[in-house]
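Engineer: Here it is, the structure, as structure tokens.
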Amino acid sequence: HKRLRRDQDVGVTAAVSEHPPFLSTRRHLYERDFPLYKQPVEVGHFSLDAKRRFFNDDRQLRYYIHPDRHPNFHLRDGYRDRYIKRDEGVKEKLDHLLRWILANKSKVQIQAASSQELNVDVVTWRGHLTKLLTTPYETREGWLLAVTRFRGTLYISEVETEADQRSRESRTQRLEEMMYWGYKFEQYICADGAQNRPDPGGVVNTNEAFCTVIQTRLAGHKLLFSGEVDCRDGDPRAPVAPGCYVELKTSAEICTPKQHSNFLRYKLLKWWAQSFLPGVPRIVAGFRDNDGIVVSVDTFHTSKISQLIKSEENCWKPTVCMNFCAEFLSFAKTVATEDDPEVVYLFSWDPNRDVTYSIHRNSQYTFLTDWGDPNRSD
Ligand code: 0WD
Ligand code: CA
């Protein structure tokens, strides 16, 4: 159901005199000192329940329960009869995060009594920043990021590319089932309370989520972003959030040197970027065979991943990821100058290309207009 286009799209890469209309993603341009990245701080959190309703609390936070030495996890179990899947056709854009901001304005607003401005330069999802971090090494999937400047802050929200939509709508049965495996693994590892046990007989409902809201700074950019967190360390002596959070992953078991090399080069890059951003220190991975049986469980410490990849030639570098992201945000700030919720600067990138942009006024891409009223109460 495509909406009618009522925009006056510029539709081309605008040529602006003061700065180039594109941004290069070539790795060697970003090989310099690691930029400043402040220790991420959790400023809040929220939950989405089984019906995807927002709650300004941690009711969906789960607890990490360390598995047995020889776990017996069957990730295919329950796929047919105990699986409720989130509707991927519903595009939530930044909505839940904006809702959190409205409910917690005092935590992020500039302290001047009259100021309507947030004390941040960029508001987005963690997942969008992960895509930026991995861009210099991505060879398959491009992205579209919609950027709007509102009261001085840049809001960044992803737009599904046509290629993404096509692959989403034409997934094989096998792929569709394998998407479930990651959530099933979470169910085997997580409990509702630190003293409780996981319940592998229960229903997997992917509407449910617990999200942390993180504040930090990358080079000159004050960031506010939110990311979904799988569980926390149940030990009451664990560090405060995000230091107590644990990211869960599944991956195919590694049998050959080639598979090991690919794991380091591609998968660990994504895992590192996703957990480094919010300061999540531990990643617990279940390695599974082709029948969805977990054959081993391993812990990766986010801060040690860059050591693990050092032996691999021509591998990815954290500094390239972070410098590129900082550079993109600077680029976005110089491009997105008009402060107007109806204006979207659409940044577009495809592998082996530069980042380019187009400008859209009151178009299908507009995503902030329903949120513009600061006195809105909910
Ligand atoms: O509108 C959009 N394009 C997106 C919305 C893209 C990504 C996320 N979201 C929203 C949803 O409200 C979701 O609750 O953000 C939340 C998760 O955000 P995130 O942490 O920034 O996303 P990301 O780091 O990409 O993914 C974290 C987890 C995934 O776990 P794995 O281990 O596979 O990385 O969030 C889940 C998934 O379990 N997830 C999503 N959940 C809802 N909608 C989505 C999505 N589009 N993508 C991943
Ligand atoms: Ca996960």
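Engineer: Go ahead and run the numbers for FRET between Asn56 and Glu92, Cβ-Cβ distance against an R0 of 22 Å, rounding to 0.05. Intermediate values should be presented prior to the final figure.
Structural biologist: Details: r = 16 Å, r/R0 = 0.75.
For R0 = 22 Å, the calculated efficiency reads 0.85.
Engineer: Rg(Cα) of the chain divided by 2.2 N^0.38 Å?
Structural biologist: 1.00
Engineer: Taking the Cβ of Ala209 as the center, what net charge do the other residues with Cβ under 10 Å away carry, scoring Lys and Arg +1 and Asp and Glu -1?
Structural biologist: Once all neighbours under 10 Å are counted, the net charge is -2.
Engineer: Can you give me the C-alpha center-to-center distance between segment 267-327 and segment 57-89, rounded to a whole angstrom?
Structural biologist: 21 Å
Engineer: Applying 1/(1 + (r/R0)^6) with R0 = 22 Å to the Cβ-Cβ distance of Lys105 and Lys222, what FRET efficiency is obtained, to the nearest 0.05?
Structural biologist: FRET efficiency, Lys105 to Lys222: 0.85.
Engineer: Still on this structure, I have one more. I need to check one value: relative contact order of segment 232-378, counting alpha carbon pairs closer than 8 Å and at least 6 residues apart, in percent.
Structural biologist: Across segment 232-378, relative contact order equals 16 percent.
Engineer: Using 14 Å as the cut-off for backbone N distance, which residues of segment 150-181 belong to the label zone defined by a point 7 Å from the Cα of Lys85 along Cα→Cβ?
Structural biologist: Zone members listed by number: 167-181.
Engineer: What whole-number distance in Å separates the alpha-carbon centres of segment 112-138 and segment 202-224?
Structural biologist: Each part reduced to its Cα centre gives a spacing of 11 Å.
Engineer: Okay, next question. Can you sort Val159, Val240 from fewest to most other Cβ atoms within 10 Å of each residue's own Cβ?
Structural biologist: Fewest-to-most ranking of Val159, Val240: Val240, Val159.
Engineer: When the helix-only estimate is applied to the chain (DSSP H runs of n ≥ 4, each -39,500 (n - 2.57), divided by the residue count), what is the mean residue ellipticity at 222 nm, nearest 500 deg cm²/dmol?
Structural biologist: The helix contribution divided over the chain gives -6500 deg cm²/dmol.
Engineer: Further question: Evaluate the relative contact order of the chain (contact order divided by residue number), counting alpha-carbon pairs under 8 angstrom at least 6 apart; express in whole percent.
Structural biologist: Values: 699 pairs, mean separation 114.0, N = 378.
30 percent.
Engineer: How long are the three semi-axes of the equivalent ellipsoid of segment 176-278, in whole Å, if each is the root of 5 times an eigenvalue of the C-alpha gyration tensor, listed from largest down?
Structural biologist: 24, 23, 14
Engineer: Taking neighbour counts of Cβ atoms within 10 Å as a proxy for exposure, in what order, fewest first, do Ser275, Ser170 appear?
Structural biologist: Starting with the residue having the fewest Cβ neighbours, the order is Ser170, Ser275.
Engineer: Here is a further query. Need one number for segment 107-198: average projected area of the convex hull over its C-alpha atoms, nm².
Structural biologist: Taking the Cα atoms of segment 107-198, their convex hull projects to 10.3 nm² on average.
Engineer: Semi-axes of segment 48-172's equivalent ellipsoid from the Cα gyration tensor, sqrt of 5 times each eigenvalue, largest first, rounded to whole Å?
Structural biologist: Result for segment 48-172: semi-axes of 33, 23, 16 Å.
Engineer: Measuring from label point to label point, each 7 Å out along Cα→Cβ, what is the Glu160 to Lys310 span in nm?
Structural biologist: For Glu160 paired with Lys310, the spin-label model returns 4.3 nm.
Engineer: Starting from the Cα of Ala194, step 7 Å along the direction of its Cβ; do the same at Asp350; then give the gap between the two resulting points in nm.
Structural biologist: Result for the modelled spin labels: 5.2 nm.
Engineer: Provide the packing ranking of 326-332, 120-126, 248-254, i.e. peptides ordered by the mean count of other C-beta atoms within 10 Å per residue, highest first.
Structural biologist: Details: 326-332: 19.9, 120-126: 21.9, 248-254: 17.9.
Listed from highest to lowest mean packing, they are 120-126, 326-332, 248-254.
Engineer: Still on this structure: Note down the net charge around Lys131, summing +1 for each Lys or Arg and -1 for each Asp or Glu among other residues with Cβ under 9 Å from its Cβ.
Structural biologist: Local net charge: -3.
Engineer: Next question, about the same structure. Based only on other Cβ atoms within 10 Å, what is the fewest-to-most ordering of Thr206, Thr130?
Structural biologist: Least to most surrounded, the residues fall as Thr206, Thr130.
Engineer: Please find the FRET efficiency linking Asn362 to Phe34, where r is the Cβ-Cβ separation and R0 is fixed at 30 Å, and quote it to the nearest 0.05.
Structural biologist: Taking R0 as 30 Å, the efficiency between Asn362 and Phe34 is 0.15.
Engineer: Could you name the lysines whose alpha carbon sits less than 16 Å from that of Lys91, not counting residues in the same chain fewer than 8 places away?
Structural biologist: Result set, ordered by chain and number: Lys2, Lys51.
Here, each number is a calculation from the coordinates, and none is a lab measurement. This structure is a prediction, so every number in the text was calculated from the model and none was measured. Note: ideal-geometry Cβ built from the backbone for every residue, glycine included; neighbour counts use all protein chains shown.
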